[in-house]
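Everything on this sheet refers to the single structure shown next.
The values are calculated or read from the model by the stated rules, or taken from the named source; none is laboratory data. Since the model is a prediction, treat every value here as computed from it, not as a measurement. Note that we place each Cβ from the backbone using ideal geometry, even for glycine, and neighbour counts take in every protein chain shown.
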Amino acid sequence: MEAVRIGELARVTGTTPRALRHYEQAGLIASERAENGYRVYGTISVVRVRNIRHLVAAGFTLDDIRTFQSCLDHDLAATSASDPDVAAGPTSGPDLPGGASPALPTLDEVAPTPECVDRAVQVARGRLAVLDERISAQVRARERLAATVRRVAEPRLPEPA
């Protein structure tokens, strides 16, 4: 497997080295150290990082993603590339330095398994329930604020003639 340095991985996936270090700290990607001390990643990390970015853009947290991280080696983003609201970066990145392209598996080789899809859907439903509750709380807060404004503003309105 070809090794990719952190800057190259960041450029190919449309992210930053800082984000990659964050993903690594969260346990979602792994690197090794080259003889010179630089982080190097396997080319499968390109798929993993694109998936992480895709899933974060879709509303998942890194903690959510960690629960089905075994699915990250499958090209999840390609299965919904037609949805521009969750597209997180290019589905094919620029070539690596020296004209080499990352040797990525084909879509058929990395299609998500039914178990991965089921787990992702389960986590997504949980995330949706959390978001629905937050939205409801915000709607209730807005209604209380609007009622307060109406109550305070009413005495100051001019009386109809």
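Taking into account only those residues within segment 104-125 that are modelled with pLDDT of 50 or more and assigned to a loop (DSSP other than H, G, I, E, B), which is surrounded by the most Cβ atoms within 10 Å (Cβ to Cβ)?
Here the answer is Pro112.
In segment 35-77, which residues are part of a loop (DSSP other than H, G, I, E, B) and farther than 16 Å from Ala10 by Cβ? Outline the logic, then answer.
Initially, segment 35-77 is screened for residues part of a loop (DSSP other than H, G, I, E, B), giving 35-38, 43, 59-61, 67-68, 74-76.
Within segment 35-77, Glu35, Asn36, Gly37, Gly59, Phe60, Thr61, Thr67, Phe68, His74, Asp75, Leu76 qualify.
Can you pull out every residue in segment 3-26 that is exposed (fewer than 14 other Cβ atoms within 10 Å of the Cβ) and either at pLDDT below 95 or charged (D, E, K, R) (or both)? Can you show your working first?
Residues of segment 3-26 that are exposed (fewer than 14 other Cβ atoms within 10 Å of the Cβ), as a first pass: 16, 18, 25.
Arg18, the sole residue that qualifies.
Among the residues of segment 15-30, are any assigned to a loop (DSSP other than H, G, I, E, B), farther than 17 Å from Ile65 by Cβ and in contact (Cβ under 8 Å) with a residue 12 or more places away in the chain?
As a first pass, look at segment 15-30 and keep what is assigned to a loop (DSSP other than H, G, I, E, B): 15-16, 26-30.
Those still in the list that are farther than 17 Å from Ile65 by Cβ too: 16.
Add one more test, that the residue is in contact (Cβ under 8 Å) with a residue 12 or more places away in the chain, and what stays is none.
Checked against the condition, which is being assigned to a loop (DSSP other than H, G, I, E, B), farther than 17 Å from Ile65 by Cβ and in contact (Cβ under 8 Å) with a residue 12 or more places away in the chain, segment 15-30 yields no hits at all.
Restricting attention to segment 31-45, and to residues there that are more than 15 Å from the chain's Cα centre (by Cα) and of a type in the set (S, T, N, Q), which single residue is nearest to Arg66 (Cα to Cα)? Before the answer, list the steps.
Within segment 31-45, the subset more than 15 Å from the chain's Cα centre (by Cα) is 31-44.
Checking the rest, the ones that are also of a type in the set (S, T, N, Q) come to 31, 36, 43.
Details: Ser31: 17, Asn36: 30, Thr43: 20 Å.
If we take residues in segment 31-45 being more than 15 Å from the chain's Cα centre (by Cα) and of a type in the set (S, T, N, Q), then Ser31 is nearest to Arg66 (Cα to Cα).
Taking interchain pairs and intrachain pairs at least six residues apart, which have beta carbon atoms under 7 angstrom, with the first residue in segment 120-131 and touching a residue at least 24 places away in the same chain (Cβ under 8 Å) and the second among the polar types (S, T, N, Q) and not in a helix (DSSP H, G or I)?
Pairs found: Val123/Thr67.
Would you check which residues across segment 16-36 are within 17 Å of Ala3 (Cα to Cα) and either of a type in the set (Ser, Thr, Tyr) or touching a helix residue (DSSP H, G or I) at 6+ places or on another chain (Cβ under 8 Å) (or both) and list them? Walk me through it before giving the result.
Initially, segment 16-36 is screened for residues within 17 Å of Ala3 (Cα to Cα), giving 17, 20-21, 24, 29-36.
Matches in segment 16-36: Pro17, Leu20, Arg21, Ile29, Ala30, Ser31.
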